[in-house]
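Working notes, structure below.
The values are calculated or read from the model by the stated rules, or taken from the named source; none is laboratory data. Model, not experiment: these values are computed from the prediction. Cβ coordinates were reconstructed from backbone atoms using ideal geometry, including for glycine residues, and neighbour counts include every protein chain displayed.
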Amino acid sequence: MSFDTLGLSDKILSAISAAGFDKPTPIQEQAIPHALKGRDILGIAQTGTGKTAAFTLPMLNRLEKGRARARMPRTLILEPTRELAAQVEESFEVLGANHKLNVALLIGGVSFADQNKILDRGADVLIATPGRLLDHFERGKLLLTGVEILVVDEADRMLDMGFIPDVERICKLIPFTRQTLFFSATMPSEIQKLVDTFLHNPVSVEVAPPATAASTVEQKLVSAPRESSEKRAVLREVIRNEKTLTNAIVFCNRKRDVDIVNRSLRKHGFNAGCLHGDMDQRSRMATLDNFKNGEITLLVASDVAARGLDIPNVSHVLNFDVPIHAEDYIHRIGRTGRAGRSGTAIMLAGRADKKYVDAIEAMTGFNIPQLQSASEDKGKSHSETESGNSHKEHSNNRKRRGGGTSRAASKASSGQTAPSDAVRPSSTKAPAPKSEDTPKVSENTSNQKQKQKVVGLGDHMPAFLTRPVRPDSK
Ligand code: AMP
């Protein structure tokens with residue numbers, strides 16, 4: 001099927017072709033004709049299926065007639081996170097390139113005054129997170145009585161984040177005659193209740209069973225110790241050993257760990273940045289941009305921050321923690337292998353994670369194959385150990401040691417300086433290592449060290465040789 005047959009205007013078709021979309025995705029094909037007829041839509045679809053355009057395109061068609069009035073948006077899109085809201089705004093920029101629309105973004109972390117100015121101009125499209133929208137409403141800066149189309153996107157995520165009461169309140173503030181386009185990857189009972197209450201005879205469109213992972217994503221499991229610093233060492237080995245890794249999103253279950261893992265990776269010379277809900281809007285967007293343009297190659301993130309992010313060309317998803325909710329696994333690994341590209345998802349799991357891994361496997365119906373971590377390879381042959389990247393790093397470290405003190409040198413020899421492979425770290429930025437991350441890496445490298453030919457003291461300068469000689473007092 002081609003876009004021409006869906007009933008969209010010529011202006012829209014020309015923007016679609018400029019965006020490089022050849023044919024509609026299944027959700028677009030199924031939802032757009034009904035949405036253009038004014039029907040309510042219940043779309044059960046994950047991100048990556050093209051669902052954003054499935055609601056953006058019919059909205060553009062509708063917006064071609066009529067004009068926005070001050071403080072009375074004509075359409076409203078609710079998104080659970082600021083990043084998703086910003087992504088939808090981008091979709092309007094691209095697909096609405098031939099329309100002169102006023103698109104307003106109401107998200108936390110941006111000043112109320114600036115947002116008020118935009119609302120005063122009259123918004124054709126208002127994209128908002130529920131809390132910020134209600135803040136504006138309560139300040140009397142916004143009237144929702146002119147909303148013709150309401151989009152609720154990622155409803156199950158709204159549920160996870162505790163936004164459902166806000167969404168219900170907003171639904172009640174908008175005229176009953178509106179058209180509602182509602183999207184959720186899963187349909188828990190709370191979401192079904194919302195659908196039953198606020199949608200009128202919707203057309204249901206389901207494009208993929210909620211619990212399927214993209215077939216283009218290769219999944220692997222790596223056994224990892226529970227102890228955090230050792231687990232971080234395993235993560236580093238995974239990153240170094242994955243030859244096809246060009247960039248990766250590293251998921252942690254807790255915000256605190258997002259910070260710790262990010263700092264640890266940076267300390268070890270990796271080009272990392274982090275994304276979590278406590279960061280201000282400006283730094284979140286800056287980090288995302290840096291990841292998209294390749295300035296950051298490892299993005300350490302929490303689920304809330306990374307859900308639904310549309311970043312093309314993510315080669316790997318690394319689950320530092322096994323997600324507690326099996327559905328989060330699907331969402332996480334869906335950040336790679338997008339739009340038919342191949343991707344790899346590797347999850348670090350210990351014995352304590354077994355029940356969560358079992359739940360994921362039961363949900364996906366797929367037994368994730370175990371990949372042996374390099375740490376476990378210690379007992380393997382010499383050539384096997386030395387031919388790996390760790391060896392490359394080790395010799396690099398030796399070259400770099402030069403003028404350092406003996407203490408620094410011995411730390412460097414424990415493999416703690418910047419690695420030099422796929423995710424190219426900025427070795428000059430690597431700060432002096434601390435002791436917290438030593439265990440596994442130092443075990444590994446000391447193993448290699450024994451096997452290297454050392455002439456004399458090698459380049460190791462024992463500390464006693466550098467001490468000034470004290471003249472004998474007698
Ligand atoms: P979404 O599921 O809305 O997050 O979209 C995922 C990605 O697919 C985005 O990068 C879109 O730009 C892209 N996309 C959406 N529709 C199409 C299409 N018909 N053909 C090709 N790519 C598309």
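For region 264-278, the set of residues classified as over 15 Å from Ser302 (Cβ atoms) and not polar (S, T, N, Q) consists of Leu265, Arg266, Lys267, His268, Gly269, Phe270, listed by residue number.
Evaluate region 293-307: report whether one residue or more is in contact with an Asp or Glu (Cβ under 8 Å, 6 or more places away or on another chain), part of a loop (DSSP other than H, G, I, E, B), within 16 Å of the ligand (Cβ to nearest atom) and modelled with pLDDT under 85. Yes: one or more hits. Screening the candidates Asp303, Asp289, Asp321, Asp278 for the property of being under 20 Å from Asp160 (Cα atoms) and without any contact (Cβ under 8 Å) to a residue 24 or more places away in the chain yields one hit, Asp278.
Per-residue answers, yes or no, for (1) within 30 Å of Pro33 (Cα to Cα); (2) in contact with a Gly (Cβ under 9 Å, 6 or more places away or on another chain):
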residue	(1), (2)
Ile170	yes, no
Ser189	yes, no
His200	yes, no
Lys220	no, no
Arg240	no, yes
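Residue-wise test of (1) more than 16 Å from the ligand (Cβ to nearest atom); (2) basic (Lys, Arg); (3) in a helix (DSSP H, G or I); (4) at pLDDT 85 or above.
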{"position": "Leu318", "(1), (2), (3), (4)": "yes, no, no, yes"}
{"position": "Asp358", "(1), (2), (3), (4)": "yes, no, yes, yes"}
{"position": "Ile368", "(1), (2), (3), (4)": "yes, no, no, yes"}
{"position": "His391", "(1), (2), (3), (4)": "yes, no, yes, no"}
{"position": "Gly403", "(1), (2), (3), (4)": "yes, no, no, no"}
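Of the residues in region 118-126, none is within 24 Å of the chain's Cα centre (by Cα), in a helix (DSSP H, G or I), surrounded by fewer than 17 Cβ atoms within 10 Å (Cβ to Cβ) and not charged (D, E, K, R).
Can Pro80 be described as more than 10 Å from the ligand (Cβ to nearest atom) and touching a helix residue (DSSP H, G or I) at 6+ places or on another chain (Cβ under 8 Å)? The answer is yes for Pro80. Of the residues examined, Leu63 is one that is more than 16 Å from the ligand (Cβ to nearest atom), of a type in the set (A, V, I, L, M, F, W, C) and more than 25 Å from Ala286 (Cα to Cα). If you check Pro175, Pro225, Pro188 for being out of contact with any strand residue (DSSP E or B) (no Cβ under 7 Å at 6 or more places or on another chain), touching a residue at least 60 places away in the same chain (Cβ under 8 Å) and either in the same structural domain as Ala359 (by TED's automatic domain parsing) or not polar (S, T, N, Q) (or both), only one passes: Pro225. Just one of the listed residues (Thr177, Thr186) is surrounded by 15 or more Cβ atoms within 10 Å (Cβ to Cβ) and outside any helix (DSSP H, G or I), and it is Thr186.
Considering only region 238-257, how many residues are part of a helix (DSSP H, G or I) and under 20 Å from Ser315 (Cβ atoms)?
Residues of region 238-257 part of a helix (DSSP H, G or I): 238-241, 255-257.
From what's left, under 20 Å from Ser315 (Cβ atoms): 238-241.
Total satisfying the criteria: 4.
Residue-level check: of (1) modelled with pLDDT under 65; (2) farther than 21 Å from Ser228 by Cα, Thr344 misses just (1).
Is it the case, given these coordinates, that Thr56 is within 16 Å of the ligand (Cβ to nearest atom) and either closer than 19 Å to Thr129 by Cα or of a type in the set (Ser, Thr, Tyr) (or both)? So Thr56 fits the description; yes. None of Gln87, Gln30, Gln115 is within 12 Å of the ligand (Cβ to nearest atom) and either buried (at least 18 other Cβ atoms within 10 Å of the Cβ) or hydrophobic (A, V, I, L, M, F, W, C) (or both) except Gln87. Restricting the first member to region 28-55 and to residues that are at pLDDT below 95, and the second to residues that are charged (D, E, K, R), the beta-carbon pairs closer than 7 Å and six or more apart or on different chains are Ile44/Glu206; Ala45/Lys51; Thr47/Asp310; Gly48/Arg338. Out of Thr75, Thr145, report the one residue that is hydroxyl-bearing (Ser, Thr, Tyr), closer than 27 Å to Phe3 by Cβ, touching a helix residue (DSSP H, G or I) at 6+ places or on another chain (Cβ under 9 Å) and more than 16 Å from the ligand (Cβ to nearest atom). After ruling out the rest, the residue left standing is Thr75.
Checked against (1) touching a Leu at 6+ places or on another chain (Cβ under 8 Å); (2) within 23 Å of Arg284 (Cα to Cα); (3) surrounded by fewer than 21 Cβ atoms within 10 Å (Cβ to Cβ), Gly109 passes all but condition (1).
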